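**Q** Before we start, here is the structure in question, set down as structure tokens.
Nothing in this text is a laboratory measurement; each read-out follows from the coordinates by a stated rule. For clarity, every value in this text was computed on a predicted model and none was experimentally measured. Ideal geometry is used to build each Cβ from the backbone, glycine not excepted, and the neighbour counts take in all protein chains shown.
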Amino acid sequence: MDEETCMVDAARYFVDFLLGESCGKCIPCREGLRVLSKILNRICEGQGTEEDIQTIEEIAEAMRDASLCALGRTAVNPVLTSLKYFSDEWTRHIKEKRCPSKVCKSLINYYIDPKECQACMLCLRECPAGAIHGDKDQVHWIDQEKCIKCGTCYQICHFNAVKKLSGEPIPPPIGIKPVRRGK
């Protein structure tokens, strides 16, 4: 894990994994993990509330005290550890509705930097949603209403023109402007 790892998303991943591993025999583990999964998914989608933190802590306490096996008693450790050591990331997800690591799909936007765009048309051709506009030798731009945030444009851009934004304002399209080649 490094700076590009979203600790909220990592906690969600572990809870979802453990939800599949739980035998379902005891209610604290079975239902605790199910509720934690719903809460963490909501937070990663930008729909979390400050009350969710208290709910997470209450569920964790109940799971530790009443689960029948070690899985149920320790399943909350990744969540509580993340909350303790990375509380600023949780705050940004809940209060600011942004993911500092730019991992949580619902909390990011893709943007084509007109200074970097070479109008190669690769992103335009590969976009499954048809959200990228532009023409040969013209700066491309992303229609945010159409963008499904799949990241295809980000992955295939050879010029690093596609940027991930989280919380930053998205600059408006600058109009169709010729690209100056030969950097």
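**Q** If we keep just the residues of region 106-120 that are touching a residue at least 60 places away in the same chain (Cβ under 8 Å) and either within 30 Å of Ala11 (Cα to Cα) or of a type in the set (A, V, I, L, M) (or both), which is surrounded by the fewest Cβ atoms within 10 Å (Cβ to Cβ)? Give the steps one after another, and end with the answer.
**A** Here is the first cut: in region 106-120, the residues touching a residue at least 60 places away in the same chain (Cβ under 8 Å) are 106-107, 109, 111, 114, 117-119.
Imposing the further condition that a residue be either within 30 Å of Ala11 (Cα to Cα) or of a type in the set (A, V, I, L, M) (or both) reduces the set to 106-107, 109, 111, 119.
Working: Ser106: 13, Leu107: 26, Asn109: 17, Tyr111: 22, Ala119: 23.
Step by step, filter region 106-120, then rank; the result is Ser106.
**Q** Quick check on region 148-161. Is at least one of its residues closer than 16 Å to Ile43 by Cβ, among the charged types (D, E, K, R) and out of contact with any Pro (no Cβ under 8 Å at 6 or more places or on another chain)? Show your work before the answer.
**A** The first filter runs over region 148-161 and keeps only residues closer than 16 Å to Ile43 by Cβ, leaving none.
Checking region 148-161: not a single residue is closer than 16 Å to Ile43 by Cβ, among the charged types (D, E, K, R) and out of contact with any Pro (no Cβ under 8 Å at 6 or more places or on another chain).
**Q** Going through region 121-146 one residue at a time, which ones are without any contact (Cβ under 8 Å) to a residue 40 or more places away in the chain and buried (at least 18 other Cβ atoms within 10 Å of the Cβ)?
**A** Passing the criteria: Cys123, Leu124, Cys127, Ala131, Ile132, His140, Trp141, Ile142.
**Q** With respect to Lys95, determine if the residue is outside any helix (DSSP H, G or I), of a type in the set (Lys, Arg) and surrounded by fewer than 18 Cβ atoms within 10 Å (Cβ to Cβ).
**A** So Lys95 does not fit the description; no.
Quick grid of which residues meet (1) of a type in the set (S, T, N, Q); (2) under 20 Å from Pro171 (Cα atoms); (3) in a loop (DSSP other than H, G, I, E, B):
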{"site": "Gly48", "(1), (2), (3)": "no, no, yes"}
{"site": "Glu58", "(1), (2), (3)": "no, no, no"}
{"site": "Glu61", "(1), (2), (3)": "no, no, no"}
{"site": "Pro78", "(1), (2), (3)": "no, no, no"}
{"site": "Val103", "(1), (2), (3)": "no, no, yes"}
{"site": "Cys123", "(1), (2), (3)": "no, yes, no"}
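**Q** Considering only residues that are closer than 20 Å to Ser166 by Cα and aliphatic (A, V, I, L, M), look in region 93-128 and name the one that is farthest from the chain's Cα centre (by Cα).
**A** Ile112
**Q** Additional query: Tell me which residues, restricted to region 47-79, are under 18 Å from Asp16 (Cβ atoms) and under 19 Å from the mean Cα position of the chain (by Cα).
**A** Gln47, Gly48, Asp52, Pro78, Val79
**Q** For region 69-82, does any single residue satisfy the condition of being closer than 30 Å to Lys163 by Cβ, of a type in the set (Val, Ile, Thr) and surrounded by 20 or more Cβ atoms within 10 Å (Cβ to Cβ)?
**A** Within region 69-82, none of the residues are closer than 30 Å to Lys163 by Cβ, of a type in the set (Val, Ile, Thr) and surrounded by 20 or more Cβ atoms within 10 Å (Cβ to Cβ).
**Q** Another question, then. Any residue at all in region 29-44 that is part of a loop (DSSP other than H, G, I, E, B) and under 18 Å from Asp9 (Cα atoms)?
**A** No, every residue in region 29-44 fails to be part of a loop (DSSP other than H, G, I, E, B) and under 18 Å from Asp9 (Cα atoms).
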